[in-house]
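Colleague: Handing you this structure, nothing more for now.
The values are calculated or read from the model by the stated rules, or taken from the named source; none is laboratory data. The structure presented is a predicted model; accordingly, all values stated were derived computationally and were not measured. Ideal geometry is used to build each Cβ from the backbone, glycine not excepted, and the neighbour counts take in all protein chains shown.
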Amino acid sequence: MAVILIVEDDMFIRELTEMLIQDWGHLTFSAGDADEALSLLRSPQHIDLLFTDINLKGVVLGGCDLAHQSVKLRPQLRVLYTTGNFVTDGMKAEFVEGMHCLRKPYTPNQLQHSFEDLLAA
Amino acid sequence: MSDNVRREKAVYDIVASDIVETVPSALIVLDRNLNITSANRAFYQTFRTSADETEGCHIYDLGNRQWDIPSLRTLLESVIPHRASVEGFEVEHDFPTIGRRTMLVNARKIFRPGDHDGFILLAIEDVSEERAARAESKRNLQVTQSIVDTIRDPLVVLEHDMTIVTASKAFLTIFGITEAETHGRRVFELGQHQWDVPALRHLMEKVLPENKPIEDFEIEDDFPGLGRRVFNLNARKISQPGNHTSRMLLVFEDITDRKQRERDALSLTNEISHRIKNNLQVIVGLIAYEARSTAQPFVQGYKAMQARIAAIAQLYDLISQSSHGRTIAVDAYLREIAKTMSASLLGNASDIEIKVKAESLDIDPDRAVPFGLLVNELATNAIKHAFPDGKGRVVLSVEQVGDQIELTVADDGVGMKDKDAAKTPEKRGSDYVAIFVRQLGGTILSPPSEGTGTIVRIRIPLLLVPSGTPSP
């Protein structure tokens, strides 16, 4: 079992995703924006993986900024990005090194594979 | 005259005449009365005359008085008497025998030992061709400058060392520079050194020696009085026929507005894509939610539905990445499909690999989606059923066969038994394959009888055209 923090500004997607992840036996926390996510990351709560949308409430690379701040707070944290936009080279350059990105719409299988890959690394 | 003086004069005459005959310039010697005492071979050749016609003749009487030139008179009668030598005196005249000529005359008064009157040595160099070339070059420069000034895009002409030869009016106006400020300055030193970009310098240094033009080098910067602008730089070697020197033409195209339109369009496309993908994510999520409370035998169908929705969305992304404008590069498209399928179905640790062997071909965007879905369906079937031990290879290939295109999806797995085809999920997959093939106007070829694994070959009639073929 891993502890996963989901950051997604679309509430419906966030809750459905949380439900799926819980079905796989993981513990989840969720946030609708970067500030909410950061206050969780500043708390003593153990978190293994941050799963964040890149475009957060209209902030184009909001998820990328969040990931950098989160890894600064918790260097061991794994990050999985997701986006409905084209993943450009400029966007990839903003990723925390060694982390993955899942393009929307992703299937539950793809999400599960990505978690397994990142948590095993 | 003593014997010594006479001997010295004789030796002097021999040496002097040898020198005079070897010098390439036309030489004539005049006595104090301006009578010609001698001339050299170069003089006779240049002015098409002979020693008989020349020697003893008064300079002004020579060749029907064609040497009676006012400027020469000035030299001989007013300048020479007061000076020991004159250099670079220019005489322009229409000679009846040789036409209009420009002569450069050097004159020197020479005194032989014992001879107090002395004589005048005139060295005459025909500089007509050089002067004509200089005038032509000046005219060309004026024409070039007028062309340069009529072009709306700012441009400069540069020497080998990148110093500015000329700058167009548009260049001076747009960048707020005076003509005097450009003279002798290198283009990199202008303004706030906006053009001093190492990558541009590197390219510019190759334009003249390697005749390698620069195409569309983009520079974005803040320009005084202009604000933030984007310029496209193009440079090429220019040389004049018959002239060995070459220069560089550097043109600056202001693409700020076009760039902004492109950025706006991209931003809008991204916004639309973001919304569509989120909506598709909601649909995939809804299916996942339904699948939670569905009996196990039907879960596979829900999963296949999710995978197909994801595949369609990803195909649209791939199409926009592989697009050549009006066509899609099939080779790049297939490679992207393979990469996406590996990431989504196999993961990093898998021993199943997807290879692509594709000729450089294009397909029209209308057929790209069914083509991609067809490949997706066939390759997904191979990955799911061909490798029970989780190890093997799927090869996606496309080649042109006559006026048709052959798509092959081959695996080295366990092969398909007839009874497998009757099972429900695979049967449905096969139905989809048949629909996509019909949509593409193609046919499924019968599989080869020998070899292991499964090979599916599909021929599509001329939906694809070779890369580089102009679109109608």
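Colleague: Does any residue of region B:211-227 turn out to be without any contact (Cβ under 8 Å) to a residue 12 or more places away in the chain and either in contact with a Pro (Cβ under 9 Å, 6 or more places away or on another chain) or assigned to a helix (DSSP H, G or I) (or both)?
Modeller: no
Colleague: While we're here: Can you tell me which residue in region B:194-210 is farthest from the chain's Cα centre (by Cα), limited to those that are outside any helix (DSSP H, G or I) and exposed (fewer than 14 other Cβ atoms within 10 Å of the Cβ)? Before the answer, list the steps.
Modeller: Of region B:194-210, the ones outside any helix (DSSP H, G or I) are B:194-197, B:208-210.
If we keep only those that are exposed (fewer than 14 other Cβ atoms within 10 Å of the Cβ) too, we end up with B:209-210.
Working: B:P209: 13, B:E210: 11 Å.
The residue in question is B:P209.
Colleague: I need every pair where a residue in region B:165-181 that is assigned by TED's automatic domain parsing to the domain that holds B:P224 has its Cβ under 9 Å from the Cβ of a residue that is of a type in the set (F, W, Y) and at pLDDT below 85, sequence separation at least 6 or different chains.
Modeller: From region B:165-181, the pairs are B:I174/B:F223; B:F175/B:F223; B:G176/B:F223.
Colleague: Scanning for something within 30 Å of A:R103 (Cα to Cα) and in contact with a Lys or Arg (Cβ under 6 Å, 6 or more places away or on another chain), does region B:253-270 turn up at least one residue? Can you show your working first?
Modeller: As a first pass, look at region B:253-270 and keep what is within 30 Å of A:R103 (Cα to Cα): B:258-270.
Pick out the ones that are also in contact with a Lys or Arg (Cβ under 6 Å, 6 or more places away or on another chain) and you get none.
No, region B:253-270 contains no residue that is within 30 Å of A:R103 (Cα to Cα) and in contact with a Lys or Arg (Cβ under 6 Å, 6 or more places away or on another chain).
Colleague: How do the strands (runs of 3 or more DSSP E) wholly within region B:29-134 filter down when requiring 1 or more residues that are free of Cβ contacts under 8 Å to residues at least 12 places away in the same chain: which remain? Write out each step before concluding.
Modeller: On the way: elements: B:36-39, B:85-95, B:99-110, B:119-126.
Result: B:85-95, B:99-110.
Colleague: Go through the residues of region B:249-262 one by one and say whether even a single one is free of Cβ contacts under 8 Å to residues at least 24 places away in the same chain, more than 14 Å from chain A (Cβ to nearest Cβ) and outside any helix (DSSP H, G or I).
Modeller: No, every residue in region B:249-262 fails to be free of Cβ contacts under 8 Å to residues at least 24 places away in the same chain, more than 14 Å from chain A (Cβ to nearest Cβ) and outside any helix (DSSP H, G or I).
Colleague: Of B:L226, B:L155, which residue is crowded, with 18+ Cβ neighbours inside 10 Å and of a type in the set (A, V, I, L, M, F, W, C)? If you could, list the steps in order and put the result at the bottom.
Modeller: Working: B:L226 fails: crowded, with 18+ Cβ neighbours inside 10 Å.
The match here is B:L155.
Colleague: Among the residues in region B:345-360, are any away from every other protein chain (no Cβ under 14 Å), at pLDDT 85 or above and more than 40 Å from the chain's Cα centre (by Cα)? Don't jump to the end; show me each part of the working.
Modeller: Of region B:345-360, the ones away from every other protein chain (no Cβ under 14 Å) are B:351, B:353-360.
Those left that are additionally at pLDDT 85 or above: B:351, B:353-360.
Still in the list and also more than 40 Å from the chain's Cα centre (by Cα): B:351, B:353.
Yes, region B:345-360 contains at least one residue that is away from every other protein chain (no Cβ under 14 Å), at pLDDT 85 or above and more than 40 Å from the chain's Cα centre (by Cα).
Colleague: Determine, yes or no, whether A:D65 is under 23 Å from B:V284 (Cβ atoms), acidic (D, E) and either at pLDDT 90 or above or over 14 Å from the mean Cα position of the chain (by Cα) (or both). Steps first, answer last, please.
Modeller: On the way: under 23 Å from B:V284 (Cβ atoms): no; acidic (D, E): yes; either at pLDDT 90 or above or over 14 Å from the mean Cα position of the chain (by Cα) (or both): yes.
Answer is no for this residue.
Colleague: Also, I was wondering about something else. Does region B:308-323 contain at least one residue that is farther than 26 Å from B:I460 by Cα, more than 41 Å from the chain's Cα centre (by Cα), outside any strand (DSSP E or B) and within 12 Å of chain A (Cβ to nearest Cβ)?
Modeller: Pass one, region B:308-323, residues farther than 26 Å from B:I460 by Cα: none.
Scanning region B:308-323, I find no residue that is farther than 26 Å from B:I460 by Cα, more than 41 Å from the chain's Cα centre (by Cα), outside any strand (DSSP E or B) and within 12 Å of chain A (Cβ to nearest Cβ), so the answer is no.
The rows are residues; the columns are (1) modelled with pLDDT under 85; (2) farther than 30 Å from B:S168 by Cα.
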| site | (1), (2) |
| --- | --- |
| B:Q240 | yes, no |
| B:V251 | no, no |
| B:I255 | no, no |
| B:V284 | no, yes |
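Colleague: Working only within region A:81-109, note down all residues that are part of a strand (DSSP E or B) and at pLDDT 90 or above. Walk me through it before giving the result.
Modeller: The first filter runs over region A:81-109 and keeps only residues part of a strand (DSSP E or B), leaving A:81-83, A:100-103.
Correct list: A:Y81, A:T82, A:T83, A:C101, A:L102.
Colleague: Just checking, which of B:F89, B:F111, B:F95, B:F119 is hydrophobic (A, V, I, L, M, F, W, C) and exposed (fewer than 13 other Cβ atoms within 10 Å of the Cβ)? Show your work before the answer.
Modeller: Details: B:F89 fails: exposed (fewer than 13 other Cβ atoms within 10 Å of the Cβ); B:F95 fails: exposed (fewer than 13 other Cβ atoms within 10 Å of the Cβ); B:F119 fails: exposed (fewer than 13 other Cβ atoms within 10 Å of the Cβ).
Just one listed residue meets the conditions, B:F111.
Colleague: Among what's in region B:56-86 and is over 18 Å from B:I110 (Cα atoms) and charged (D, E, K, R), pick the residue that is surrounded by the fewest Cβ atoms within 10 Å (Cβ to Cβ).
Modeller: First, the residues of region B:56-86 that are over 18 Å from B:I110 (Cα atoms): B:56-58, B:60-74.
When the remaining residues are screened for being charged (D, E, K, R), the result is B:61, B:65, B:68, B:73.
Values: B:D61: 14, B:R65: 12, B:D68: 15, B:R73: 14.
Step by step, filter region B:56-86, then rank; the result is B:R65.
Colleague: While we're looking at this one, here's another question. If I go through region B:291-305 residue by residue, how many of them are within 14 Å of chain A (Cβ to nearest Cβ) and outside any helix (DSSP H, G or I)?
Modeller: 2
Colleague: Among the listed residues B:Y333, B:Y316, which satisfies the condition of being in contact with a strand residue (DSSP E or B) (Cβ under 9 Å, 6 or more places away or on another chain) and either at pLDDT 85 or above or not aliphatic (A, V, I, L, M) (or both)? Let's see the steps before the verdict.
Modeller: On the way: B:Y316 fails: in contact with a strand residue (DSSP E or B) (Cβ under 9 Å, 6 or more places away or on another chain).
Just one listed residue meets the conditions, B:Y333.
Colleague: For region B:359-385, how many residues meet the condition of being hydrophobic (A, V, I, L, M, F, W, C) and surrounded by fewer than 22 Cβ atoms within 10 Å (Cβ to Cβ)? Steps first, answer last, please.
Modeller: Taking region B:359-385 and keeping what is hydrophobic (A, V, I, L, M, F, W, C), we get B:361, B:363, B:368-369, B:371, B:373-375, B:378-379, B:382-383.
Of the ones still in play, those that are also surrounded by fewer than 22 Cβ atoms within 10 Å (Cβ to Cβ) are B:369, B:373, B:383.
Summing the residues that are hydrophobic (A, V, I, L, M, F, W, C) and surrounded by fewer than 22 Cβ atoms within 10 Å (Cβ to Cβ) in region B:359-385 gives 3.
Colleague: Of the residues that sit in region A:62-118 and are facing chain B (nearest Cβ under 9 Å) and out of contact with any helix residue (DSSP H, G or I) (no Cβ under 7 Å at 6 or more places or on another chain), which one is farthest from B:Q300 (Cα to Cα)?
Modeller: It comes out as A:V87.
Colleague: OK, next. Is it the case that some residue within region B:365-388 is acidic (D, E) and not in a helix (DSSP H, G or I)? Full working, then the answer.
Modeller: First, the residues of region B:365-388 that are acidic (D, E): B:366, B:377.
Filter once more, so that each one left must be not in a helix (DSSP H, G or I): none.
Checking region B:365-388: not a single residue is acidic (D, E) and not in a helix (DSSP H, G or I).
Residue-wise test of (1) within 25 Å of A:R103 (Cβ to Cβ); (2) touching a Gly at 6+ places or on another chain (Cβ under 8 Å); (3) free of Cβ contacts under 8 Å to residues at least 24 places away in the same chain.
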{"site": "B:A332", "(1), (2), (3)": "yes, no, yes"}
{"site": "B:E336", "(1), (2), (3)": "yes, no, yes"}
{"site": "B:R367", "(1), (2), (3)": "yes, no, no"}
{"site": "B:A379", "(1), (2), (3)": "yes, no, no"}
{"site": "B:D389", "(1), (2), (3)": "no, no, yes"}
{"site": "B:V401", "(1), (2), (3)": "no, no, no"}
{"site": "B:V409", "(1), (2), (3)": "yes, no, no"}
{"site": "B:G413", "(1), (2), (3)": "no, yes, no"}
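Colleague: For region B:277-295, enumerate the residues that are under 14 Å from A:D23 (Cβ atoms) and not aliphatic (A, V, I, L, M).
Modeller: Of everything in region B:277-295, those that are under 14 Å from A:D23 (Cβ atoms) and not aliphatic (A, V, I, L, M) turn out to be B:G285, B:Y289, B:E290, B:R292, B:S293, B:T294.
Colleague: Hey, another quick one. Which of the residues belonging to region B:407-434 are under 30 Å from B:D364 (Cβ atoms), β-branched (V, I, T) and either in a loop (DSSP other than H, G, I, E, B) or at pLDDT 90 or above (or both)? Lay out the reasoning, then the answer.
Modeller: Of region B:407-434, the ones under 30 Å from B:D364 (Cβ atoms) are B:407-411, B:428-434.
Within this subset, residues satisfying the condition of being β-branched (V, I, T) are B:408-409, B:433.
Residues satisfying the conditions are B:T408, B:V409.
Here's the yes/no breakdown for (1) within 14 Å of chain A (Cβ to nearest Cβ); (2) over 21 Å from B:S146 (Cβ atoms):
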position	(1), (2)
B:E181	no, yes
B:P213	no, yes
B:F217	no, yes
B:R229	no, yes
B:S239	no, no
B:T269	yes, yes
B:N278	yes, yes
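Colleague: Which condition number in (1) more than 24 Å from the chain's Cα centre (by Cα); (2) over 30 Å from B:R263 (Cβ atoms); (3) assigned to a loop (DSSP other than H, G, I, E, B) is the one that B:Q142 fails?
Modeller: It is condition (3) that B:Q142 fails.
Colleague: Does region B:393-406 hold any residues that are at pLDDT 90 or above and crowded, with 20+ Cβ neighbours inside 10 Å, and which are they?
Modeller: First pass over region B:393-406, keeping only residues at pLDDT 90 or above: B:393-401, B:406.
Residues satisfying the conditions are B:V394, B:L396, B:V398.
Colleague: Scan region A:4-14 residue by residue and report those that are in a helix (DSSP H, G or I) and within 14 Å of the chain's Cα centre (by Cα).
Modeller: Let us first name the residues in region A:4-14 that are in a helix (DSSP H, G or I), namely A:11-14.
Across region A:4-14, the qualifying residues are A:I13, A:R14.
Colleague: Given B:A265, B:A288, which one is touching a Leu at 6+ places or on another chain (Cβ under 7 Å), outside any strand (DSSP E or B) and within 14 Å of chain A (Cβ to nearest Cβ)?
Modeller: Numbers: B:A265 fails: touching a Leu at 6+ places or on another chain (Cβ under 7 Å).
Checking each option against the conditions leaves just B:A288.
Colleague: Scanning for something away from chain B (no Cβ under 12 Å) and surrounded by fewer than 18 Cβ atoms within 10 Å (Cβ to Cβ), does region A:2-17 turn up at least one residue? Before you say what the answer is, go through the steps one by one.
Modeller: Of region A:2-17, the ones away from chain B (no Cβ under 12 Å) are A:2-7.
Checking which are surrounded by fewer than 18 Cβ atoms within 10 Å (Cβ to Cβ) leaves us with A:3.
So far as region A:2-17 goes, yes, one or more of its residues are away from chain B (no Cβ under 12 Å) and surrounded by fewer than 18 Cβ atoms within 10 Å (Cβ to Cβ).
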